[in-house]
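Written out below as structure tokens is the structure these notes cover.
Laboratory data are not the source of any read-out in this text; all were calculated from the coordinates shown. Note that the coordinates shown come from a computational prediction; the quantities given were computed from them, not determined experimentally. Because the Cβ atoms are built from the backbone with ideal geometry, glycine has one as well, and the counts that use them run over all protein chains shown.
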Amino acid sequence: MKKIVFLFIVFTTMSFAQLLAPKISVQQGEYNFGEIKQGEKVTHVFVITNNGGDILKINEVHASCGCTAAKPDKDQLKPGESTNLVVTFNSNGRFGKQKKLIRVKSNDPENPQVLLTIKGKVVAPDAENATYPNLRFGELQHDFGKVKEGKVVEYTFQFENAGTSTLKIRDIRTSCGCTAALVSKERLEPGEQGNLKVELDTSNRHGKMSRTVTINSNDPKHPVKILTVYADVQ
């Protein structure tokens, strides 16, 4: 009997403590902005409410790349009080489906971090108003021909920004460890040219081989370019 009474007291105390604790709540934790044109900005207001019994403190708001979250109107909420959190997504330099997260950290003991989501699709602007970069390579393939095993061969691909705004090379990846790629510039203004040197190490290789280099950029129409090199290792 004493054990039952003790458990009842503990349970009651815990329940009472939970009622007194701050509790974060968000109306509509996900917002889909639909389809927008590249370069446009989207703003949405998330409403944060304290449904607990003590003061809720919003300690930190962090947004992922591509959107910025303003500070909430209030960072301390009394029980039953609400505040607005304004989130802005900037579609400049982005293309296709987008999904960004906003992390809100508070002193809610049961739910210290809340994730908010803003998503949608970015499409190319109208042709008459188009201002975007265009990554253009003179060629996308190169054949080294017959190569003696163990030799390192290299070739330089030429490219240019044929668009009307700044081109940014975001990432370059090779298909295996025997290939290396080095770009001369990661940012090119309209009309500016650059080059990409590709090295192929044929050590411990035999026969025909092909390797690829993948370039990711902020070109909205062709964000991914793939270069291919071939060799016949003797």
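Side notes on the structure shown:
- Placing one equal scatterer on every Cα of the stretch 24-127 and applying the Debye formula, the log10 ratio I(q)/I(0) at q = 0.11, 0.21 Å⁻¹ is -0.36, -0.98.
- Phi angles across the stretch 99-109 convert, under the Karplus curve 6.51 cos²θ - 1.76 cosθ + 1.60 with θ = phi - 60°, into 3J(HN,Hα) values of 8, 10, 10, 10, 9, 10, 9, 9, 9, 5, x Hz, Gly and Pro given as x.
- For ASN107, residues with placed amide H under 5 Å, excluding near neighbours: LYS57, ASN59
- Using the Karplus relation 6.51 cos²θ - 1.76 cosθ + 1.60 with θ = phi - 60°, the per-residue 3J(HN,Hα) values for the stretch 146-162 come to 7, 10, 6, 4, x, 7, 9, 10, 9, 8, 10, 8, 9, 9, 8, 9, 8 Hz, with x marking Gly and Pro.
- Dipole magnitude for the stretch 64-173: about 240 debye, using +1 per Lys or Arg Cβ and -1 per Asp or Glu Cβ, origin at the Cα centre.
- Annotation: amide H-H contacts under 5 Å for ASP54 (H modelled 1.01 Å from N, sequence separation of 5 or more, or interchain): LYS23.
- Built amide H within the under 5 Å cut-off of SER165, gap 5+: TYR132, ASN134
- When only the Cβ of Lys, Arg, Asp and Glu is charged (+1, +1, -1, -1), the dipole of the stretch 24-127 relative to its Cα centre reaches about 400 debye.
- Convex hull volume per residue, computed on the Cα atoms of the chain, equals 191 Å³.
- All aspartates and glutamates inside 15 Å of LYS168 as judged from Cα atoms, apart from same-chain residues fewer than 8 positions distant: GLU160, GLU186, GLU189, GLU192, ASP219
- Positive minus negative residues near ILE169 (Lys, Arg vs Asp, Glu; Cβ under 15 Å): +2
- Listed peptides 48-54, 222-228 by packing density, highest first (mean Cβ within 10 Å): 48-54, 222-228
- Around the Cα centre of the stretch 142-234, unit charges on the Cβ atoms of Lys, Arg, Asp and Glu (plus for the first two, minus for the last two) sum to a dipole of about 220 debye.
- Order by protection proxy (mean Cβ within 10 Å, highest first), peptides 211-221, 76-86: 211-221, 76-86
- Residue by residue, the stretch 196-212 carries 3J(HN,Hα) couplings of 10, 8, 10, 10, 10, 9, 8, 4, 6, 10, 8, x, 6, 9, 9, 9, 10 Hz when phi is fed to the Karplus relation 6.51 cos²θ - 1.76 cosθ + 1.60 (θ = phi - 60°); x denotes Gly or Pro.
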